[in-house]
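The next block holds one structure in the form of structure tokens; read it before the comments.
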Amino acid sequence: MKSKTKLNSKTNLNSKAKLKPKANLKPKANLKPSLKDAKEQTLLRVSIFLILFGNLLGISLGLWQSRHPDIVTDLKRSEYNESIHEESLKFQTDDGKTHHITLKVPSKTYSKEESQTLLDEASKKLDSSILGKNKSFSSIHTPLSLPESLPDCPVQLFWTTSDPKILDYTGAIGEDVPSKGASVTLRCQLSLEEETLSWQKELYVYPEKLSKEKSLNASIQKAVTNDSSSNPTLALPDSIDGQHLFFYKEPAKTGLFVCIFFSLLGFLLLPLKRQKEQEKIEKQKVLMQRDYPDLVSKLLLFLHAGLTIRASLEKIADDYQKNYRSQNLPKRPAYEALLETCHELKGGLSQPRAYENFGSRCPCPEYKILSVLLIQNLKKGNQNTLLLLEKEVTDALENRKRKARILGEEAQTKLLFPMLLQLVIVLALLMLPAFLSFT
């Protein structure tokens, strides 16, 4: 009897020692979620640090600026002829009270002497600033550059010419300039404040030197302009200066737009496809987690009935194939993965390898734990596996209840807006007749 009790105590100690490492299976299976939680916690800490640091820095700057205000004794004016701008200031009186004021700051002005000096300086700059590509005023072949003002100078310029058909006020050369050239007087009125100054120059203008393309374009435009027929359509010239012409409209860019549109559509479909695949994986996860308690319960039932692990799994797979596949019911991912595992076993794959493939085939951590339990059953026996499977069934049922409660709360939240909408409609139906009776 003593030897038996010693043997029983040793077997109990051995069973407890065996159970201890297996109880730590879940943390190994949940290694990735724990890393993900650590990353999320790190990101949360960084976010909180940035928020606190930014607020402390902003409050410190605000307090420093309030205690060390920028004392102003004068305000900068806008440049001459610019609009009036506003400046918001605070000031203190002798009684210590602080007041706020918005001042309208006028633009810069010039005295009579300053204006005259600036006008003289501007008139001296005109000779060298308006020639453009021309070499001298006695030989004008290209348009002049007649600005409305000079750089870094407040003086305003107003241009006129003695013959606008030869040279207009913008400096452009006309089309009716004789080949021998024509004399034109260019005048400019310089103005600043109330002071003015007149400037003029005698020019000799020649026909504008055009490039071959510009000359051809001008000839075509002249031919089109001279067509004074009453036809509803305008006939284009067949030839100009001995050159045959063929007119056509620029092709539409529809092909380019189609390429860009479908390229963008293709690039947009790639993330959409990834999103659909992710949604499909999430849906499979939900279905697998939903089937996990039933699958483990069936496995535990068959093991208690005396079947082996392999026979139990094959029995569950055969029942699924008879009840679901034969009736063309929707596929259940967990049982499909189990059915594939049974096919691998029938094909000659070893049981540890097949159970490992079953765990990797299922994206849920629960099935990875189950595959580890099945592999350990092959190495260490059936009794400890039964105990752990019973614990898995209990945990799986609790998780199912918890998720069902969460889904119920989500459904209530989704129904909240339609219920509020119905309430608004009912109130409107009740109050509308009352308003109509008052009117």
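What follows draws every value from the coordinates through simple rules; no lab data is involved. These figures come from a predicted structure and were not determined experimentally. All Cβ positions, glycine included, derive from the backbone under ideal geometry; neighbour counts span all protein chains shown.
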Original post:
How big is D, in µm² s⁻¹, for region 356-411 by Stokes-Einstein at 4 °C and 1.567 mPa s if Rh is the Kirkwood radius over C-alpha pairs?
Top reply: 102 µm²/s
Original post:
Which distance in nm do the two modelled labels at LYS108 and LEU61 give, with both placed 7 Å along the Cα-to-Cβ direction?
Top reply: 3.1 nm
Subject >> Ellipticity estimate at 222 nm from DSSP helix runs (n ≥ 4, -39,500 (n - 2.57)) divided over the chain, nearest 500 >> reply: -20500 deg cm²/dmol
**OP:** Can you tell me the order of 159-172, 361-374, 398-411 when each peptide is scored by its average per-residue count of other Cβ atoms within 10 angstrom, highest first?
**Re:** 361-374, 159-172, 398-411
Subject >> Leading residue at positive end of dipole, the chain (Cβ point charges), from ILE260, LEU295, ALA305 >> reply: ALA305
Original post:
What full-extension length gain, to one decimal in nm, is calculated for HIS343 and GLN327 as 0.36 nm per residue of separation minus the Cα-Cα distance?
Top reply: 3.7 nm
Original post:
What percentage of all Cα-Cα pairs in region 295-385 are separated by more than 19 Å?
Top reply: 37 percent
Subject >> GNM top mover of LEU416, LEU269, LEU339 - the chain, alpha-carbon springs below 10 Å >> reply: LEU416
Original post:
Rounded if a/c is under 1.5, else prolate if a/b is larger than b/c, else oblate: which is region 233-315, with a ≥ b ≥ c the root eigenvalues of its Cα gyration tensor?
Top reply: prolate
**OP:** Can you tell me the alpha carbon radius of gyration of region 161-309 divided by the globular rule-of-thumb value 2.2 N^0.38 Å?
**Re:** 2.76
Subject >> For region 270-313 versus region 136-181, the gap between their alpha-carbon centres in whole angstrom >> reply: 88 Å
Original post:
Helix 212-225 versus the longest principal axis of the chain: what is the Cα-based angle in degrees, 0 to 90, to the nearest 10?
Top reply: 80 degrees
Original post:
At q = 0.13, 0.17, 0.18 Å⁻¹, what base-10 log of I(q)/I(0) does the Debye formula yield for region 290-339 when every alpha carbon is treated as an equal point scatterer in vacuo?
Top reply: -0.29, -0.48, -0.54
Subject >> Dipole magnitude of the chain about its Cα centre (Cβ charges: Lys, Arg +1; Asp, Glu -1), debye to nearest 20 >> reply: 5900 debye
Original post:
Which value, in nm² and rounded to one decimal, describes the direction-averaged projected area of the C-alpha convex hull of the chain?
Top reply: 60.5 nm²
**OP:** Give the shape of region 322-363 as rounded, prolate or oblate, defined through the alpha-carbon gyration tensor: a ≥ b ≥ c are the square roots of its eigenvalues, a/c under 1.5 means rounded, and otherwise the shape is prolate if a/b is larger than b/c and oblate if not.
**Re:** oblate
**OP:** In a Gaussian network model over the chain where Cα atoms closer than 10 Å are linked, find which of ALA182, ALA428, ALA38 has the largest mean-square fluctuation.
**Re:** ALA428
